[in-house]
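The values are calculated or read from the model by the stated rules, or taken from the named source; none is laboratory data. Since the model is a prediction, treat every value here as computed from it, not as a measurement. Note that we place each Cβ from the backbone using ideal geometry, even for glycine, and neighbour counts take in every protein chain shown.
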Amino acid sequence: MAEHALKIGLVGPLPPPSGGMANQTEQLALLLSGEGCSVELIQVNAPYRPAWAGRIKGVRAVARMLPYLATLWRSAGRVDLMHVMANSGWSWHLFAAPAIWIGWLRGCPVVVNYRGGEAGSFLAKSLASVRPSLQRASALVVPSGFLESVFGKHGIGTIVVPNIINLERFNSDRVAAQTLEAPRLLVARNLEPIYDNGTALRAFALVLARHPGARLVVAGSGPQRAELEQLVAELGMAHAVTFTGRVDNAGMAALYRDADIMLNPSTVDNMPNSVLEALASGAVVVSTNVGGVPFLVDHDKTALLVPPRDPQAMADAVLRVTDEPGLATALRVAGLRYVQQYAWAGVKPRLMAVYRSVLKPGTPKMATNP
């Protein structure tokens, strides 16, 4: 069969703001284009046009949905397949489900790339409305064994294709650590309740009591910022904690490289890119053991895992790292080795195999770079 540039309709959010799904969408578009694919981006968070429509409740939903649906319809008639970045809740119903149905109506194969950390509760509540859409998708891809097991409980088959980490941006040249008397800590989650940044702050207060020179950077934005800043003031550590607000990808890479330890206090998680990016940058990861995190890292081998909502346990784990340079070095070396599998070179064959499996009979053989 003659080769041609595989035409892919990629549906998902784009930065700003930077976030796991938005970053993955943007990165995947660039990587697929670099492989010779023709990528049409269908942005679910496109700017409102006209801009004033985004300021009027009720009007803004229509102002975004109508152009989105029209773009989906046109794209589904042009591309060889659609790759839909999907999440839980209203994001599924408003963006993923319409993309699946439009692809099905137009005879265009749809690969659903589901990434929601709250998949368990979402499916338990909404399976009756979600299943008909999934039945019309050509393949369901998830980034972790955790989500594979969540869907498997409902008899829904999935294919695991890991997230992609940009190891050119997130990397490390640091040498073996000595005992850390003034550790630099980082939290890289949005300031929202499910990420429980308050636990990280309370844990840091315990670390600060042992290491007065310790410093914490909280990199993220969200509705809890004022509340968390008030907590920092109440704990008497405003001198040691910096809130950066929203940070772009280049800025995050610099923050990871500057950190000795990254804290992930989340209460709900799937396959957090922040954990992988921290490991790739040579930071030791101390994370809660929720959701997909134990599928992602091994306790005492590539990270230290603690129960959620337990500041003392998180602080104790940090103090193990500061007091045991051999442990810190072992975790760092193992983490750097582990994340190599998330480079594009390792993920690409798995994703391309999914694409090949869903292409309609008679589709010309795709042309991608070796």
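Among the conditions (1) of a type in the set (Val, Ile, Thr); (2) in contact with a Pro (Cβ under 8 Å, 6 or more places away or on another chain); (3) crowded, with 24+ Cβ neighbours inside 10 Å, VAL286 misses just one, which is (2). State yes or no: is VAL112 at pLDDT 95 or above and within 21 Å of ASN273 (Cα to Cα)? Answer is yes for this residue.
Only residues that are under 20 Å from the mean Cα position of the chain (by Cα) and on the phi > 0 side of the Ramachandran plot were counted in the stretch 88-114, giving 1.
Could you please find all residues in the stretch 126-138 being touching a residue at least 12 places away in the same chain (Cβ under 8 Å) and either assigned to a helix (DSSP H, G or I) or buried (at least 20 other Cβ atoms within 10 Å of the Cβ) (or both)?
Matches in the stretch 126-138: SER126, LEU127, SER129, VAL130, ARG131, SER133, LEU134, ALA137, SER138.
Only one entry of ALA315, ALA303, ALA334, ALA353 meets the criterion of being in the same structural domain as TYR256 (by TED's automatic domain parsing), at pLDDT 95 or above and more than 23 Å from ARG257 (Cβ to Cβ), and that entry is ALA315. Taking into account only those residues within the stretch 83-100 that are in a strand (DSSP E or B) and touching a Leu at 6+ places or on another chain (Cβ under 8 Å), which is surrounded by the most Cβ atoms within 10 Å (Cβ to Cβ)? Here the residue is HIS83. Residues that are over 27 Å from PHE170 (Cβ atoms) and touching a residue at least 12 places away in the same chain (Cβ under 8 Å) number at least 3 in the following helices (runs of 4 or more DSSP H) confined to the stretch 202-281: 225-234.
Only one of the numbered conditions (1) at pLDDT below 95; (2) surrounded by 17 or more Cβ atoms within 10 Å (Cβ to Cβ) is not met by ARG246, and that is (2).
None of GLY326, GLY335, GLY346 is small (Gly, Ala, Ser), assigned to a helix (DSSP H, G or I), over 22 Å from ALA219 (Cα atoms) and within 19 Å of the chain's Cα centre (by Cα) except GLY346. Take the conditions (1) at pLDDT 85 or above; (2) part of a loop (DSSP other than H, G, I, E, B); TYR48 misses just one of them, which is (1). Regarding GLY58, is this residue touching a Phe, Trp or Tyr at 6+ places or on another chain (Cβ under 8 Å), in the same structural domain as TRP101 (by TED's automatic domain parsing) and either modelled with pLDDT of 95 or more or of a type outside the set (Lys, Arg) (or both)? Judged against the criteria, GLY58 is not a match.
Is it true that some residue in the stretch 178-198 is crowded, with 19+ Cβ neighbours inside 10 Å, modelled with pLDDT of 95 or more and assigned to a helix (DSSP H, G or I)? Yes - at least one qualifying residue is present in the stretch 178-198. Summed over the stretch 77-94, residues that are within 21 Å of LEU14 (Cα to Cα) and in contact with a strand residue (DSSP E or B) (Cβ under 7 Å, 6 or more places away or on another chain) total 8.
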